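Each remark here refers to the structure printed beneath this line.
The values are calculated or read from the model by the stated rules, or taken from the named source; none is laboratory data. No experiment lies behind these values; they were computed from the predicted model shown. Ideal geometry is used to build each Cβ from the backbone, glycine not excepted, and the neighbour counts take in all protein chains shown. When the accessible area is computed, the model is the full protein with side chains, heavy atoms only, and any ligands, DNA or RNA have been set aside. Shrake-Rupley method; radii C 1.70, N 1.55, O 1.52, S 1.80 Å.
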Amino acid sequence: MPEYPPIAHHGLIGDLQTTALVSATGAVDWFCAPRVDSPSIFASLLDQERGGHFTIAPALDDVTVRQLYLPDTAVLITRFLTPDGVGEVVDFMPVSTHPDVPTDRHRLVRALRVVRGTLTFDVRCAPRFDYGRAPHTLTLDGHAATFHGPGLDVHLRSTVPLEADGPEGPEGRGGRDVRATVTLTQGQTAGIVLETSAPAGAAPEPVTEQALDAELEATRVFWHRWIRRCRYRGRWQNMVNRSAITLKLLIYAPSGAPVAAATMGLPEQIGGERNWDYRYTWIRDASFSVRVLLDLGYVEEADAFRRWLGDRFRGPRPPGGEPMQIMYRVDGDPRLPEEVLGHLSGYRDSFPVRAGNGAADQLQLDIYGEFAYAMTHSPDLAELAGYEGWKGFAALLDWLAGHWDRPDEGIWETRGGRKDFTYSRVMCWVALDRGIRLATQYARPADIPHWTAQRDAILVQVMERGWNPERGAFVQHYDSAVLDASLLLMPLVGFISPRAPSWLATLDAMDRELVIDSLVHRYNPEASPDGLRGSEGTFSLCSFLYVEALARAGRLEQARYAMDKMLTYANHVGLFAEEIGPTGEQLGNFPQAFTHLALITAALALDEELDKAADRD
């Protein structure tokens, strides 16, 4: 394996139940199965020695690499350009006819072809089960190999012969990895398919070039049909389409729940400790996805998640008595114990590597506002939820009306103690405000006087205590003078007018302190200690929220310039990690759903405001 590739040097493929990252060097260096939150099979992105990988690349040093998606699909093409020939590896994961049915069978197809001259590819498949902790055995027979791991088998089927390679397995039984050498001339193709299954499951069929061609065509047709449902026809069509496909890949189809990112453990600072597991469903991130999916025309996906969301607040209460916790596994399991994988060195020695997420036990009151925002974004909620659904929603708001005025850990999951975070109060206001609107519109039974009194009390409290007259801005929490980019959502959720003097003053203060060349820091950790060592990059989510806030404030030239600059930080195939570092490198888990959500909402808002301005002219 080469040195660690930059985080941004990857494309994402998936089959709506799990995903894989493919580097621009031809390595599948991140893949978990049977679900996106399962232990890894390939994780060399977190440890080159112990993580495991599946690499197909030319056996040459003088290679130029280019990577692209087949337009409007999740089919990734990695091109290798050499003096002797040009070859391609086409990577995709076929979507089953019933992606909403959970399965342990997942196929990762890697098709090789040469389009000019002659090229020799080296193939090596070296799985490492359970984050590299569990041994496996190998069964090899000509064009077929099976890696037997704990609770999961990985089958390799190829159109070319395979041979054993790598370190010996248990009891000295030969190599436990597989390799092959493939030489192709112009017009020739080959194929290798990796398939997971439960132990002793039916063995996959042999691979044929005709079958691979058919699967590629079916995958292309699936994505083209899906993207045709997108209603967006604005100025940033390609980027919005790519973001929509990325969001679809990050939604676990059997439950409708989106994960925050495809990966775990990728650092917010190289060598730092801010290395979290994002393969879970945050109430916050996922709730905002409902707005985006509905705005783009993906009603089925939005409703699937709303059903999942409704099941969470109707289910058993988490420890501590709160109606919901801030995140869950994609199947709704609330148990996400955090452990440190001490045997993994971490991406470029960014340690510790964490699996699970201890922040699941935090108190974050903003989730109730985001929950209400998702459940009420479409006017047909009353029809979908019915009377029983309304009773549950009303009971939640009755509870919130008596429990909103408490310190919490806040949106950024800081580990520096509970505070009276302004954003948390704003979102509690959103929850009660949306409930009042819905009860009035549909004449539903509710304690509207009490809800109204508490909603208004929150607004008064935020205006009086969340506003810092010395800073001339709304601040992170009541006892601080620190600015916080989460407050960019204040006008976007209707708490304050986007052109109110107090909001414009806050936006100006953020311009001066949090914004660097269109990139936005979420806050200043030095001024507001978060309980962690080190620093972090700018948050791409916040940068796109900033674009939307500028657009709604009427600052269209500034908004459009910021939008176009932000898009230059996308990677070569249009994907964003969580953060941008000091020299423009992408940092953090990749790709991040919330960033792509914010990109879409920024594009929609900016298109709308630019069109209004054009009509006025």
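Please report Rg (one decimal) and Dmax (integer) in Å for the Cα set of region 488-617.
Just the Cα atoms of region 488-617 yield Rg and Dmax of 14.9, 51 Å.
Calculate the dipole size of region 295-442 relative to its Cα centre from +1 charges on Lys and Arg beta carbons and -1 charges on Asp and Glu beta carbons; express the result in debye to the nearest 20. Intermediate values should be presented prior to the final figure.
Details: 17 positive and 24 negative charges, 68 e Å.
Using Cβ point charges on Lys, Arg, Asp and Glu, region 295-442 gives about 320 debye.
Which one of 260, 358, 372 is farthest out on the positive end of the charge dipole of region 258-394, using unit charges on Cβ (Lys, Arg +1; Asp, Glu -1) and the Cα centre as origin?
358
Roughly how many Å² is the accessible area per residue of region 316-454, as a whole number, for a 1.4 Å probe?
Numbers: 5390 Å² over 139 residues.
The answer is 39 Å² per residue.
Once you charge only the Cβ atoms, +1 for Lys and Arg and -1 for Asp and Glu, what is the size of the charge dipole of the chain about its Cα centre, to the nearest 20 debye?
On the way: 60 positive and 82 negative charges, 195 e Å.
In debye, rounded to 20, the chain gives about 940.
Against the longest alpha carbon principal axis of the chain, how many degrees, from 0 to 90 and to the nearest 10, is the axis of helix 593-616 turned?
Rounded to the nearest ten degrees, it is 60.
Within a Cβ distance under 13 Å of residue 38, other residues only, what is the Lys/Arg minus Asp/Glu net charge? Intermediate values should be presented prior to the final figure.
Numbers: positive: 35, 279, 329; negative: 37, 104, 130, 277, 331, 333.
My count for the surroundings of residue 38 gives -3.
Rounded to two decimals, what ratio of Rg to Rh does region 79-160 give with C-alpha atoms and a Kirkwood Rh? Provide the component values of the computation, followed by the final result.
Details: Rg = 16.1 Å, Rh = 15.4 Å.
Reported Rg/Rh, Kirkwood definition of Rh: 1.05.
Of the options 328, 280, 454, report the single residue whose Cα projects farthest towards the positive end of the charge dipole of the chain (beta-carbon charges: Lys, Arg +1; Asp, Glu -1).
454
Lys and Arg at +1, Asp and Glu at -1: add these up for the other residues within a Cβ distance under 11 Å of residue 150 and post the number. The partial results should precede the final answer.
Values: positive: 133; negative: 130, 153.
Residues close to residue 150 contribute a combined charge of -1.
Taking θ as phi - 60°, what are the ³J(HN,Hα) couplings along region 559-576 by the Karplus curve (6.51, -1.76, 1.60), each to the nearest whole Hz, with x for Gly and Pro?
Coupling constants for region 559-576: 5, 5, 5, 5, 4, 5, 5, 4, 5, 6, 8, 4, 6, 5, 10, x, 10, 10 Hz.
As an exercise, take the mean of 1/r over every pair of distinct alpha carbons in region 540-617, invert it, and state the Kirkwood radius in angstroms. Walk me through the intermediate numbers first.
Details: mean 1/r = 0.0784 Å⁻¹.
Hydrodynamic radius (Kirkwood, Cα pairs) of region 540-617 is 12.8 Å.
How far apart, in nm, are two points set 7 Å out from the Cα along the Cα-to-Cβ line at residue 615 and at residue 134?
5.8 nm
Describe numerically, in nm with one decimal, the distance between label points set 7 Å from Cα along Cα→Cβ at residue 61 and at residue 583.
2.3 nm
Rounded to the nearest percent, how much of the accessible area of the chain (1.4 Å probe, protein heavy atoms only) is carbon and sulfur? Mind showing how you got there, number by number?
Numbers: 11530 of 22620 Å².
It is 51 percent, rounded to a whole number.
Which log10 I(q)/I(0) values does region 259-311 give at q = 0.17, 0.19, 0.24, 0.26 Å⁻¹ under the Debye formula, counting every alpha carbon as one identical point scatterer?
Log10 of I(q)/I(0), two decimals: -0.62, -0.70, -0.87, -0.95.
With only alpha-carbon pairs counted, each pair once and no self-pairs, how large is the Kirkwood hydrodynamic radius of region 290-361 in angstroms? Present the calculation step by step, with values, prior to reporting the outcome.
Numbers: mean 1/r = 0.0681 Å⁻¹.
About 14.7 Å for region 290-361.
Need the C-alpha centroid separation for region 43-57 versus region 290-346, integer Å.
About 29 Å separates the Cα centre of region 43-57 from the one of region 290-346.
Could you calculate the FRET efficiency of residue 457 with residue 500 from 1/(1 + (r/R0)^6), where r is the beta carbon distance between them and R0 is 22 Å, rounded to 0.05?
Working: r = 20 Å, r/R0 = 0.90.
After rounding, the FRET efficiency stands at 0.65.
On the first, second and third principal axes, largest extent first, how far apart are the outermost C-alpha atoms of region 346-449 in Å?
For region 346-449, the Cα extents along the three principal axes come out at 58, 28, 17 Å.
On the Cα set of the chain, report Rg and Dmax in Å, please.
For the chain, the Cα radius of gyration and maximum Cα-Cα distance read 24.9, 79 Å.
Considering all projection directions equally, how large on average is the shadow of the alpha-carbon convex hull of region 1-154, in square nanometres?
On the way: hull surface 39.5 nm².
Over every viewing direction, the Cα hull of region 1-154 projects on average to 9.9 nm².
Taking the full set of protein chains and a 1.4 angstrom probe, give the accessible area of residue 560 in square angstrom, rounded to the nearest 10.
It works out to around 100 Å².
Please give the direction-averaged projected area of the C-alpha convex hull for region 396-496, in square nanometres with one decimal.
Orientation-averaged projected area of the Cα hull: 6.6 nm².
What does the net charge come to around residue 547 if you take all other residues with beta carbon closer than 14 Å to its beta carbon, with K and R at +1 and D and E at -1? Write down the numbers at each step before the final one.
Numbers: positive: 235, 552, 555, 560, 565; negative: 511, 517, 548, 557, 564, 607, 608, 609.
Here the count lands on -3.
How big is region 223-281 by the Kirkwood estimate over distinct Cα pairs, in Å? Could you put the intermediate results ahead of the total?
Numbers: mean 1/r = 0.0741 Å⁻¹.
For region 223-281, the Kirkwood estimate is 13.5 Å.
Mean projection of the alpha-carbon convex hull of region 190-252 over all orientations, in nm²? It would help to have the intermediate numbers written out before the result.
Numbers: hull surface 25.2 nm².
The number I arrive at for region 190-252 is 6.3 nm².
How big is D for region 12-97, in µm² s⁻¹ as a whole number, if Stokes-Einstein is applied with the Kirkwood radius of its Cα pairs at 4 °C and 1.567 mPa s?
Working: Rh = 13.8 Å.
Reported coefficient: 94 µm²/s.
Which of rounded, prolate or oblate describes region 95-237 when judged by the alpha-carbon gyration tensor and an a/c cut-off of 1.5? Kindly include the intermediate steps, with their values, before the conclusion.
Working: a/c = 2.22, a/b = 1.39, b/c = 1.60.
Judged from the Cα gyration tensor, region 95-237 comes out oblate (a/c at least 1.5, b/c at or above a/b).
Scan region 395-478 for trypsin sites (Lys or Arg not before Pro) in coil per DSSP, keeping those whose Cβ has at most 13 other Cβ atoms within 10 Å, and list them by number.
On the way: sites: 415, 418, 419, 425, 434, 437, 455, 465, 471; in loops: 415, 418, 471.
Loop-located and lightly packed - 415.
Taking the radius of gyration and the Kirkwood hydrodynamic radius from Cα positions alone, what is the Rg/Rh ratio for region 410-558, to two decimal places? Could the numbers behind the result be given before it?
Details: Rg = 16.3 Å, Rh = 16.3 Å.
With Rh from the inverse mean 1/r over Cα pairs, Rg/Rh is 1.00.
Rounded to two decimals, what is the ratio between the C-alpha radius of gyration of region 256-387 and 2.2 N^0.38 Å? Don't jump to the answer; show the numbers that get you there.
Numbers: Rg = 16.5 Å, N = 132, 2.2 N^0.38 = 14.1 Å.
That works out to 1.17 for region 256-387.
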